[in-house]
Amino acid sequence: TDPLLPIPNRRAFVRELNRMISFAERYGTPSTLMFIDLNDMKKINDTYGHEAGDKALHHIAQMLQQHVRGTDVIGRLGGDEFGVILAQADEATGAQKAQELATMIAKHPLELEGESIRMSLAFGTYTFRSGDEPQDALHKADQAMYENKKAVKAENDEKAARDNKGTP
């Protein structure tokens, strides 16, 4: 168990990922790994303190637990990174669920001392199959998360440029 959150730590999560990869190999059913990185966690820690940062991590872990199936596995990979194994979920299902979770978290801010702290996440998914190694699957999902983060940043920058175009 993670020392801060009531979910598996990285070592336990990788063990579960290995088990799910073996299951995929044995039964020929794909599952999807989601790599999640919280955006602006440093800003929360710097503005509200590390206790607030811990509460933010708890908030995210709780939201994830409430919105995945009992057969799915959530783990803290380190810092502000989480992993979710979506059991027997193909690529399209995994991508759809990742987007749903990102939207849900954006709509449910952390309530802290009368303030609502909006949170967002970047995610990447990788649908693993038989023969994959856990570290390779994590690496591929992590790469997909960085691609997603870059695309969202570029989209936001473009939107900001359009919004500011008419401003003197």
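Some notes on this structure:
- Failed item, numbered, when T29 is tested on (1) open to solvent by less than 30 Å² (accessible area, probe 1.4 Å); (2) out of contact with any Leu (no Cβ under 7 Å at 6 or more places or on another chain): (1)
- Strands (runs of 3 or more DSSP E) fully within region 70-168 that include at least 2 residues being farther than 18 Å from P30 by Cβ, in contact with a Gly (Cβ under 6 Å, 6 or more places away or on another chain) and open to solvent by less than 90 Å² (accessible area, probe 1.4 Å): 73-78.
- Looking across region 3-26, the residues that are outside any helix (DSSP H, G or I) and either hydrophobic (A, V, I, L, M, F, W, C) or open to solvent by less than 20 Å² (accessible area, probe 1.4 Å) (or both) come down to L4, L5, I7.
- Residue in region 136-164 that is nearest to R76 (Cα to Cα), counting only those that are of a type in the set (G, A, S) and out of contact with any strand residue (DSSP E or B) (no Cβ under 8 Å at 6 or more places or on another chain): A151
- Failed item, numbered, when G79 is tested on (1) within 11 Å of the chain's Cα centre (by Cα); (2) under 17 Å from R10 (Cα atoms): (1)
- Residue tally, condition in contact (Cβ under 8 Å) with a residue 12 or more places away in the chain, outside any helix (DSSP H, G or I) and either loosely packed, with under 14 Cβ neighbours inside 10 Å or over 13 Å from the mean Cα position of the chain (by Cα) (or both), over region 43-69: 1
The values are calculated or read from the model by the stated rules, or taken from the named source; none is laboratory data. Given the structure is predicted, the values throughout are model-derived calculations rather than measurements. Using ideal geometry, Cβ is built from the backbone for each residue, glycine included, and neighbour counts are taken over all protein chains shown. Note: accessible area is taken over every heavy atom of the protein model, side chains too, but ligands, DNA and RNA are not part of it. Shrake-Rupley method; radii C 1.70, N 1.55, O 1.52, S 1.80 Å.
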